[in-house]
Amino acid sequence: MENQEQGNEYTPGAEQSTAAGIAAFNSKVTVLFFSALGLLATTAVACAVILALTLNRPSANVTMAGTTGMNMPGMTAPSTAASGKSTPSAVPTTVKLKVIPSSKRGPDGKLHDAFTVTNFAVHVGQPVKLTIDNTDNQPHSITSPAAGVSIVAKPGTHTYTLVVDKSGRFLWYCAYPCDSDAHGWAMTHPGFMSGYITAA
């Protein structure tokens, strides 16, 4: 009766079978843990891809003429044929826009520097006049090395010429340090101090 505890008899080798059971259980838990971790990682990657695609999608309120949802004086809306598609004459020959510091709210809730027009449609080799009212006290630019464009907009209202000699969609950005309160965030985000030039 020495080996009895509360009515249970001691069985030799019971420790070994219990240890084997615990090892098997731990093995199953480990496999389930890493399976769940793999599923979680796959879900995170899928969410990141969907988010990246959503953030890189052009805004629904951007028109072919390049306005970003604002009523811009001097901008003419693209003409449409009976099919509803834009005709080649839809590209404006003159675009009026502004550079305004701390004017456009970003997804972070802060106000950022912004051009009022950030998307430009041009015909290859044909000039478009940009009348830029830079309301800031420093120069800003529309710079796109891939398109061969470098326009420096001095403070005040001035007219510049935008010409692209090859077809394509080109990212442009302000090459001058700006949006300093947000460490230059607006310079790398289209719709603020960056955008696209589409030449056809």
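What follows draws every value from the coordinates through simple rules; no lab data is involved. These numbers were taken from a predicted model, which means no experiment stands behind them. As a convention, Cβ positions derive from the backbone with ideal geometry for all residues, glycine included, and neighbour counts pool all protein chains shown.
Full extension from H123 to I22: what is 0.36 nm times the residue separation minus their Cα-Cα distance, to one decimal in nm?
My answer for the length gained is 29.0 nm.
How would you rank V163, V117, V124, going from fewest to most other Cβ atoms within 10 Å of each one's own Cβ?
Listed from fewest to most nearby Cβ atoms, that is V124, V163, V117.
With the cut-off at 22 Å, report for region 103-200 the share of all Cα pairs above it, as a whole percent.
Across region 103-200, Cα pairs with separations above 22 Å total 25 percent.
Give me the net charge of A182's neighbourhood, meaning all other residues with Cβ under 11 Å from the Cβ of A182; Lys, Arg count +1, Asp, Glu -1.
-3
Extension gain K154-K166, at 0.36 nm per residue separation less the Cα-Cα distance, in nm?
1.7 nm
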